[in-house]
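The values are calculated or read from the model by the stated rules, or taken from the named source; none is laboratory data. Predicted, not measured: the structure shown is a model, and the values here were computed from it. No Cβ is skipped: glycine too gets one built from the backbone with ideal geometry, and neighbour counts run over all protein chains shown. What goes into the accessible areas is simple: the full protein's heavy atoms, side chains included, and nothing from ligands, DNA or RNA. Shrake-Rupley method; radii C 1.70, N 1.55, O 1.52, S 1.80 Å.
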Amino acid sequence: MKTLVPILGDQLSPGIASLRDANPADTVVLMMEVAEETTYVRHHKQKIAYILSAMRHHADALAAAGWTVDYVRLDDPDSSGSFTGEIARAVARHGPDRIVVTEAGEWRVVAMIDGWETVFGIPVEIRADDRFVCDHAEFDAWASARKQLTMEFFYRDMRRKTGLLMDGKTPAGDRWNFDKDNRKPAKGDLFMPRPHAFAPDATTRDVLALVAERFADHPGSLDGFDYAVTAADAERQAAYFMTHALPQFGDFEDAMLTGERHLWHSILSPYINSGLLDPLDLCRRAEAEYRAGRAPLNSVEGYIRQIIGWREYMRGIYWREGPDYVTRNFLDHHRRLPGWYWTGATDMHCLREAIGQTLATAHAHHIQRLMVTGNFALLIGADPAEVHRWYLEVYIDAYEWVELPNTLGMSQFGDGGLLGSKPYISSGAYIDRMSDYCGTCRYDVKRRTGEDACPFNALYWHFLARHEDRLGGNMRLRMPYSTWAKQSEQSRNETLTHAETFLQALDSAGDDGY
């Protein structure tokens, strides 16, 4: 029986479920670079280059391991440009008796795969993606048993299930969460770890040339592309992180510094989300560093929580809430993102740093995303669907199943509190506390109104005032609403007028981006 096994661009794991019991003698592995996947949003040039190069290297590794690989390149003149079209051409070429595929990570691709059996008239076996700790049924059962979903309680269950950082039935250190220990600002450090830079090989250089020619109008730059594109190189970066960055990752995971793109972050999320690295293996290795006394508990717990807590929780929410999750807009926000989200050309230093880094590298760490670019978008009332598209476009690790809940739910409060119990908003004070950005900004972080006042300050209070009917009863916002109520009427009016003037100027600029 001949089997056709399609491998998608985020399934670059040698042990992927669809290949696990396959016989190389009667199996054809199909890998497809399709135009539809590169353009359904305007992906960052480095994101496209990374995925295509990683796919080509993975195909070479499969072939070296004895698999028959049918690889369709983006510039193949006969390419149909879609997954279903390429499956049709492969069925005609190889005459398989069945198709075996690992479930897709996004709703739109699932819809395609679900139609294949009818379209091609041969059996299609769709296997669960068991690279995750929690499957769909388990998450649905967990969520259905609760009136309110809280990531922290899900995370604790995942700790119990995996045994990670557990001493019997008790969490290591007698605490589940050390997040309060992980909010230290950082200072420049000559000994700060620097992630490996991987020089493009011939395969990657070919991809870079293709992307430069075909996607010249997409966001971002290809200059300095140095990501790992093989499992071996991704493993080199993982080993480096465990030894050199993990020990201080926890302390400074929320910190931001001008000109420092990575600090103590792992830079492993692109490799995890595309399949080059095993997330559970990384968690076990991080735990081993703690058990051996080489990394403190707050760092290791914080890292593990990002993977088996937030990452798994985002996936659960994505699949449970369904394809219409993207349309939710609880706060009724409809403003366009400023055009400088695609250029970084703004006088606000924090946004210039975060966006500039994003355009240069297709990467920014979670606080830059949540409390700088996301915070500003929420405060100005940007349309959450547009914010979602921007994040999906510009970040190398952004796949909809993990990016959409993080952006629309956590960052933009578009689901009204399903995912997070309050909007993630702040004035300039938070950014000043966690970074050195404000020290060289043309705006004064201490001022709320006036020409040189930090825009975040008035926008923060304007957001609270205009949404008091929706958010005034939120217990986690009780203190800021109480503070707002105690201010004089004149002070409140001046603040609101300043914010409205800023928003009008933003709208009148007319630079709506791409």
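What are the semi-axes of the equivalent ellipsoid of segment 109-255, taken as the square roots of 5 times the eigenvalues of the Cα gyration tensor, listed largest first and rounded to whole Å? Please report the intermediate quantities before stating the final value.
On the way: eigenvalues 235, 210, 47 Å².
Listed largest to smallest, the semi-axes of segment 109-255 are 34, 32, 15 Å.
Can you give the calculated 222 nm mean residue ellipticity of the chain, where each DSSP H run of n ≥ 4 adds -39,500 (n - 2.57) and the sum is split over every residue, rounded to the nearest 500 deg cm²/dmol?
Values: 23 runs with 225 residues, N = 514.
Value at 222 nm, helices only, nearest 500: -12500 deg cm²/dmol.
Between segment 71-111 and segment 476-498, what is the C-alpha centre distance in whole Å?
First find each Cα centre; the distance between them is then 57 Å.
If you fit an axis through the alpha-carbon atoms of helix 349-361 and take the longest principal axis of the Cα set of the chain, what angle between them do you get, 0 to 90°, nearest 10?
Rounded to the nearest ten degrees, it is 10.
Which order do peptides 228-241, 120-133, 467-480, 317-330 fall in by mean Cβ count within 10 Å, highest first? Can you show the working numbers first?
Values: 228-241: 20.1, 120-133: 15.6, 467-480: 13.9, 317-330: 17.2.
For the peptides 228-241, 120-133, 467-480, 317-330, the packing ranking is 228-241, 317-330, 120-133, 467-480.
In degrees from 0 to 90, rounded to the nearest 10, what is the angle of the helix 202-214 Cα long axis to the longest principal axis of the chain?
On a 0 to 90 degree scale, this one is about 60.
So, in nm, how far is label ASP181 from label MET1 when the simple model puts each one 7 Å beyond its Cα toward the Cβ?
With each label placed 7 Å out from Cα toward Cβ, I get 5.3 nm.
Using C-alpha positions alone, give me the convex hull volume of segment 241-380 per residue in cubic angstrom. Walk me through the intermediate numbers first.
Details: hull volume 19.0 nm³, N = 140.
Measuring per residue, one finds 136 Å³ for the Cα hull of segment 241-380.
Whole-Hz Karplus ³J(HN,Hα) for segment 384-392, in order, using 6.51 cos²θ - 1.76 cosθ + 1.60 and θ = phi - 60°, x for Gly and Pro?
Coupling constants for segment 384-392: x, 5, 6, 4, 4, 4, 4, 4, 5 Hz.
If one computes the Cα centroid of segment 178-192 and of segment 439-458, what distance in Å separates the two points?
Using only Cα atoms to place each centre, the spacing works out to 25 Å.
Taking every Cα atom in segment 127-214, find the radius of gyration and the maximum pairwise distance Dmax, and write them in Å.
Computed over the Cα atoms of segment 127-214, radius of gyration and Dmax are 21.4, 57 Å.
Determine ³J(HN,Hα), in whole Hz, for all residues of segment 311-326 in sequence, where each value follows from phi through the Karplus function 6.51 cos²θ - 1.76 cosθ + 1.60 and θ = phi - 60°; x replaces Gly and Pro.
Per residue, the Karplus-derived 3J(HN,Hα) values read 4, 5, 5, 4, 5, x, 4, 4, 6, 6, 7, x, x, 7, 4, 5 Hz.
Per residue of segment 470-478, what does 6.51 cos²θ - 1.76 cosθ + 1.60 with θ = phi - 60° give for ³J(HN,Hα)? Whole Hz please, x for Gly and Pro, Karplus curve as stated.
For segment 470-478, the Karplus-derived couplings read 8, 10, x, x, 6, 4, 7, 10, 4 Hz, x marking Gly and Pro.
Keeping the other protein chains in place, figure out the carbon and sulfur percent of the accessible area of the chain, with a 1.4 Å probe. Walk me through the numbers on the way to the answer.
Values: 10520 of 20850 Å².
Of the solvent-accessible surface of the chain, carbon and sulfur hold 50 percent.
Output the Cα-based Rg and Dmax of segment 29-136 in Å, rounding Rg to one decimal and Dmax to a whole number.
14.5, 41
Check the straight Cα-Cα distances from LYS446 and name the aspartates and glutamates below 16 Å, setting aside those fewer than 8 residues away within the same chain.
By straight Cα distance, LYS446 reaches ASP432, ASP436, GLU494.
Note down the Stokes-Einstein diffusion coefficient of the chain in µm²/s, whole number, using a Kirkwood radius over alpha carbon pairs, 20 °C, and 1.002 mPa s.
Diffusion coefficient, whole number: 88 µm²/s.
Can you work out the base-10 log of I(q)/I(0) for segment 77-120 at q = 0.15, 0.16, 0.19, 0.33 1/Å, using the Debye formula on its C-alpha atoms alone?
Result of the Debye calculation: -0.38, -0.44, -0.61, -1.31.
If one computes the Cα centroid of segment 353-415 and of segment 294-327, what distance in Å separates the two points?
Spelled out, the Cα-based centre of one part sits 16 Å from the other.
Once you keep just the Cα pairs under 8 angstrom separated by 6 or more residues, what percentage relative contact order results for the chain? Mind showing how you got there, number by number?
Values: 788 pairs, mean separation 81.7, N = 514.
RCO, the chain: 16 percent.
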